[in-house]
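Data block below; observations after.
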Amino acid sequence: MRTNTRTTRTALAAVATLALALGAAACAEDTTDTTSGPSNAPAATSQPNDGGASEASVVVFQNGWAKATDGEMSGAFGTLRNTGDVEVRITGVTSPISQRVEMHETVPGASGMMMQEKEGGFVLPAGGELVLEPGKDHIMFMDLTAPITTGQVIPLVLTFDDGTEQDISVTARDFKGGDEKYVGGEEGANSDG
Ligand SMILES: [Cu+2]
């Protein structure tokens, strides 16, 4: 058991180092490259909107980043733009680095700002955008399987309510703040979102 753990650690460290290098190299492209990608493969099953464009294909994600942490939780941020002329809704987010990923909003609570799961997910108005930032709406890693290290590139998959998906990524950086408490989170009394 112990040997296993150590081996895993070493492997993770190597991956983190690699990610750091890749992250630095990929930086310049990040803003232009996030458009849609080839990810939205499935042919529209449920009929989407007038133009027939899938929700995934009209959404652009930019300036994505996440908070480096050695805790169990962290947040991911960035700007989601809807370039289409119909409202779209994100119904789910997954990532290999966390067993559970939630969409959160931040609301005033009894003891300051609190965050909670956003009911129904993130809505992007037609032609509009949703800015995910600390202290506001954000993507929350609820149960990290390993620490997030500075420079690490973290893949995420967004699922839209028409069933289409989009692959995005965020790059981890050091950030102090975004320490809103999680409503109903026992262990996450002081999380990193
Ligand atoms: Cu949160």
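Each residue of the stretch 117-127 was assigned a 3J(HN,Hα) from its phi angle through the Karplus expression (A = 6.51, B = -1.76, C = 1.60, θ = phi - 60°), giving 5, 7, 5, x, x, 8, 10, 10, x, 3, x Hz with x at Gly and Pro. Here K136, K181, K67 are placed in order of increasing Cβ neighbour count within 10 Å, fewest first, which gives K136, K181, K67. Taking every C-alpha pair closer than 8 Å and separated by at least 6 residues, the mean separation divided by the residue count of the stretch 60-193 gives a relative contact order of 34 percent. Distances between every pair of Cα atoms in the stretch 75-117, grouped in 10 Å steps from 0 to the bin holding the largest one, split as 19, 41, 32, 7 percent. Estimate the FRET efficiency between V157 and V131 by the formula 1/(1 + (r/R0)^6), using the beta-carbon distance for r and 25 Å for R0, to the nearest 0.05. The formula returns an efficiency of 0.75 here.
D167 to E105: extension gain in nm, 0.36 nm per residue of separation minus the Cα-Cα distance? Write down the numbers at each step before the final one.
Numbers: separation 62, 0.36 × 62 = 22.32 nm, distance 2.18 nm.
Difference between extended and current length: 20.1 nm.
Taking the inverse of the mean 1/r over every pair of distinct Cα atoms in the stretch 91-154 gives a Kirkwood hydrodynamic radius of 13.3 Å.
Rule-based calculations on the coordinates, nothing more; no lab input. Keep in mind the model is a prediction, meaning the values are calculated, not measured. Don't worry about glycine lacking a Cβ; one is built from the backbone with ideal geometry, like all the others, and counts go over all protein chains shown.
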